[in-house]
């Protein structure tokens, strides 16, 4: 099946730094979702985006739905150690039936 | 809060054994999904269901079957487990409609020896 492109694959940052990651697709999506997954756990939904251009925040997290509907980005401000994990994006296709996932960005936060 | 609960967090089974993975959601979602997650391969859809007694094959249904007898419960069955089915299995659910918020369970880590 289709998979989204997500970058970077991994990143190491210092505590307190801001983080940015993005997700791109060759197809248009109606919904973009961002998840965080800790080792051995299920993914937890962080932010859901429904409209092109939409910018949504959840605490220190901000995500945007690209105006072309083919991309999205996630920013984390002032990172802390508990931000460590894998962040992945998901899109819901224009038929509203199929979810497509990115491979994830592995975030490490150095104290 | 939406709650998707998977019955077993960790299972160890032997080759050839029958395995049941249960998933229950408490938000009256129509849609339920089973994925497996493997390093480097990401999330792959095994089966999904849009309603009670309905099931549709996903991308990798071979070796699996599912059951949806009640709206809140979606079961994944491995009729004869094999070592290549060692994986993290994730159940998810969402409403039927265009919002598309997909909620996952905690995951079931299956090891087949």
Item to complete: Please tell me if residue A:100 is assigned to a strand (DSSP E or B) and under 16 Å from the mean Cα position of the chain (by Cα).
Response: yes
Worksheet item: Would a scan of the range B:4-11 turn up a residue that is buried (at least 16 other Cβ atoms within 10 Å of the Cβ) and within 13 Å of chain A (Cβ to nearest Cβ)?
Response: yes
Item to complete: Counting only residues that are more than 14 Å from the chain's Cα centre (by Cα), give me the strands (runs of 3 or more DSSP E) lying completely in the range A:8-58 with at least 3 of them.
Response: A:10-14
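Here is a list: A:72, A:108. Which entry is touching a strand residue (DSSP E or B) at 6+ places or on another chain (Cβ under 6 Å), in a strand (DSSP E or B) and away from every other protein chain (no Cβ under 14 Å)?
Of the residues listed, the single one that is touching a strand residue (DSSP E or B) at 6+ places or on another chain (Cβ under 6 Å), in a strand (DSSP E or B) and away from every other protein chain (no Cβ under 14 Å) is A:108.
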Worksheet item: Taking the range A:21-65 only, how many residues are without any contact (Cβ under 8 Å) to a residue 24 or more places away in the chain, more than 10 Å from chain B (Cβ to nearest Cβ) and over 21 Å from residue A:97 (Cβ atoms)?
Response: 10
Discussion item. Could you go through the range B:22-29 and let me know if any residue there is assigned to a strand (DSSP E or B) and in contact with a helix residue (DSSP H, G or I) (Cβ under 8 Å, 6 or more places away or on another chain).
Written reply: no
Practice prompt. Report yes if residue B:32 is within 9 Å of chain A (Cβ to nearest Cβ) and surrounded by 14 or more Cβ atoms within 10 Å (Cβ to Cβ), otherwise no.
Written response: no
Worksheet item: For the range B:62-79, does any single residue satisfy the condition of being within 13 Å of chain A (Cβ to nearest Cβ) and not in a strand (DSSP E or B)?
Response: no
Worksheet item: What's the number of the condition residue B:93 fails, among (1) within 13 Å of another protein chain (Cβ to nearest Cβ); (2) in a loop (DSSP other than H, G, I, E, B)?
Response: (2)
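Readers should treat all values here as calculations from the given coordinates under stated rules, not as data from a laboratory. Computed from a predicted model, the values in this text were never measured in an experiment. Neighbour counts run over all protein chains shown; Cβ positions are idealised from the backbone, glycine included.
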